[in-house]
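The values are calculated or read from the model by the stated rules, or taken from the named source; none is laboratory data. Keep in mind that what you see is a predicted model, and the values were worked out from it rather than measured. With ideal geometry, Cβ positions are generated from the backbone for all residues, glycine too; neighbour counts draw on all protein chains shown.
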Amino acid sequence: MPTPENMAEARQRFAASELADSVADTAADGAPKSISVSRLYAIASDPGSPMPPDIAAAMLQRPALRAAYRDFLAGAASYSVAEAIAASSEDLPTRRGDGCLIRFLLSQAEPDQVYLVVELDDPGRATPKALVFCDRENFCSVVELTGWRDGVTQLIVETGSDILRMARDPTSSAYLK
Amino acid sequence: MKSIAVYIATTSGPVRVERVTPERAPQSLVCLGRSSSILPISGDYDDFVRPGSGVIEREFGPHENVSYRLDLSGPITSGRSWQLGFFLAHALSTSGRLALSGDEAVPDEIAVVTGQVDFDLNVVSVDHIPQKLSSLIDALPDMTGCSIRLIVPAGDNHDQAVRTVLPDDIEVISATTAWDACRAVGLGPDDKSVGAQSQTVSILPEQSQAQPTVIRRRPWGIATLTALVVAAGLLAAYLVLGPNFNWINFAGEMRGRIAVSDSEVGSALALGQVKFRLLSRRPPAGRTCADVQFANVPPVLDPVSRAATGGFQESQLKDICGLTFEVEVPDQGRYVALLLKIRSGKRVGGAPSPPSLGGDTPLSGVASWSITLPRHLSEPFAYELILLEARRPIGAEVNQIHGGWPDPGALQDLVRQGIKVQTVDHVVRN
């Protein structure tokens, strides 16, 4: 549930964007007339919540909405992984967060596929349900995490996928929620 | 070299194992049709592969990569009846004989498999055989062009399959162990001769010395049971499992005969003109025991050192794939027999010693007998050998020993008849 602090912070952001308690939209096709702060918070903080198409469409057009979403995301995440080390020369740099590691392995079987591996330092902790990468403009990409075994999970992603595009960007950040 | 396509029999129809690929990912996984879709049986497959909980890496590794990716043509979402088919696919992949989906070449044979595999490689029965066979029949038009072997667990599952009206050209094969499935498609340790009088012997699992039961459905539609029991397998079974041998403790007199002289300390034992060497078989650098067992990669043979007590030093299973017993006779006209008694543990497969070590044909030069060990021992593999040597044929005496392991008195009788006798003790541990 949103905390009073979270809600207040989000409202402040929205106010700065002259959106007050909701986001008004009068231009975009498919974008909603308004999006409530609590709904945005619920989507950002619920690990299993998919991104509704109307919110996705609105976020594409509204930087303030994306920023608010990312704030909620950062607050709700179990683990946050900052930018990759600047000197890293890897195409897909390994990310070390507080209590977790995100790394990428090329598939031997399919050259167009990559293993995205998430490892928790403490396998006993609750396992995250989703991994989100966000870039500097607060565009984000989410993948579901399942099949945890001993604090490790892996999934296969296509080399051209959004999540890898963001993972390649050393200035992007990752969240496990 | 025949290529073989492996299908898993499911209630929704046969699902092909498209390929098996070693990967560097931390967990083994099963994917759908080479896509990035990971099937929910992946966790169970990882358990099936992983050393400690599973058998694949134990039997076919160690591999420089840590995991496998197995691609299926269709979904399998639950159960464990895929295990026998996956085991066979790994064995075929190791030997380079798994027909890969996407290859233009039509596979030479198809194996449709169902069965669960336990930690000791016993095949466990599964459910839904009638539904799986019904779905197989529906899918047969897509599988024409090559012979089909249906491999099912021995027992009730096999009986169910036999009772099912299947097309004429399907062989129904029962498997008691996972190795039975491998043998059904021609996989196993190599049996090529090594040297003029040496022989490397194909050896099969302890629990299934006999060939798996094969039923070929004849074109005229009558199911005919063809039980293929190979005499060599039976003899090996008799040797290994046979009567409750009361293994003897040699009397002091006999022990005296096999005392190790200073000149013999090292790796060889001498019995008159006969020299015996115990060799461990290990894979060459960069290869695995599976390569040796299935891909005919020649093993590296290392002499096992003698122990101060007169036997041989213990061996560690992790270092070796099997053992070779080597007998060298410099002069012609010597008759030699080598008999094996397993006291504990299992070997992978069984076959009799080669004829040249049967005591009925004169031996000159080197003869050898190789056995393969499993990749996991539930108890130490402890055995003893009796080496007999004489200037006359001793096949009759050997047969008497086969009929019941000799007591000390019987062995002393052999000595009195001019037959030299020597024993060898050895243990292999995990």
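Out of all the residues in the range B:356-370, is one or more surrounded by fewer than 19 Cβ atoms within 10 Å (Cβ to Cβ) and under 30 Å from B:SER53 (Cα atoms)? Outline the logic, then answer.
Residues of the range B:356-370 that are surrounded by fewer than 19 Cβ atoms within 10 Å (Cβ to Cβ), as a first pass: B:360-362, B:364-366.
Subsequent filtering for residues that are under 30 Å from B:SER53 (Cα atoms) retains none.
Looking for residues that are surrounded by fewer than 19 Cβ atoms within 10 Å (Cβ to Cβ) and under 30 Å from B:SER53 (Cα atoms), one finds none in the range B:356-370, hence no.
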Just give me the residues in the range B:32-56 being closer than 20 Å to B:THR94 by Cβ and part of a strand (DSSP E or B), in sequence order.
-> B:PRO51, B:GLY54
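In the set B:PRO393, B:PRO355, B:PRO362, which member is within 22 Å of the chain's Cα centre (by Cα) and either of a type in the set (Asp, Glu) or assigned by TED's automatic domain parsing to the domain that holds B:GLY333 (or both)? Spell out how you get there, then give the answer.
Working: B:PRO393 fails: within 22 Å of the chain's Cα centre (by Cα); B:PRO362 fails: within 22 Å of the chain's Cα centre (by Cα).
Within the list B:PRO393, B:PRO355, B:PRO362, the selection yields B:PRO355.
Could you check, for the range A:120-128, whether at least one of its residues is away from every other protein chain (no Cβ under 14 Å) and buried (at least 16 other Cβ atoms within 10 Å of the Cβ)?
Pass one, the range A:120-128, residues away from every other protein chain (no Cβ under 14 Å): A:121-122, A:124-126, A:128.
Narrowing the set further to residues that are buried (at least 16 other Cβ atoms within 10 Å of the Cβ) leaves A:128.
There is at least one residue in the range A:120-128 that is away from every other protein chain (no Cβ under 14 Å) and buried (at least 16 other Cβ atoms within 10 Å of the Cβ).
Before we move on, is A:ASP169 within 21 Å of A:ALA44 (Cβ to Cβ), of a type outside the set (Ser, Thr, Tyr), more than 14 Å from every other protein chain (Cβ to nearest Cβ) and surrounded by fewer than 21 Cβ atoms within 10 Å (Cβ to Cβ)? Step through it out loud before you land on a result.
Numbers: within 21 Å of A:ALA44 (Cβ to Cβ): yes; of a type outside the set (Ser, Thr, Tyr): yes; more than 14 Å from every other protein chain (Cβ to nearest Cβ): yes; surrounded by fewer than 21 Cβ atoms within 10 Å (Cβ to Cβ): yes.
The answer is yes for A:ASP169.
Listed here are the residues, each with its yes/no results for (1) in the same structural domain as B:ALA290 (by TED's automatic domain parsing); (2) assigned to a loop (DSSP other than H, G, I, E, B); (3) crowded, with 23+ Cβ neighbours inside 10 Å.
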position	(1), (2), (3)
B:SER12	no, yes, no
B:PRO22	no, no, no
B:PRO26	no, yes, no
B:VAL30	no, no, yes
B:GLU59	no, no, yes
B:ASP71	no, no, yes
B:ALA89	no, no, yes
B:PRO107	no, yes, no
B:ILE110	no, no, yes
B:SER81 versus (1) buried (at least 23 other Cβ atoms within 10 Å of the Cβ); (2) of a type in the set (Gly, Ala, Ser); (3) within 14 Å of chain A (Cβ to nearest Cβ): which is the lone unmet condition?
-> (3)
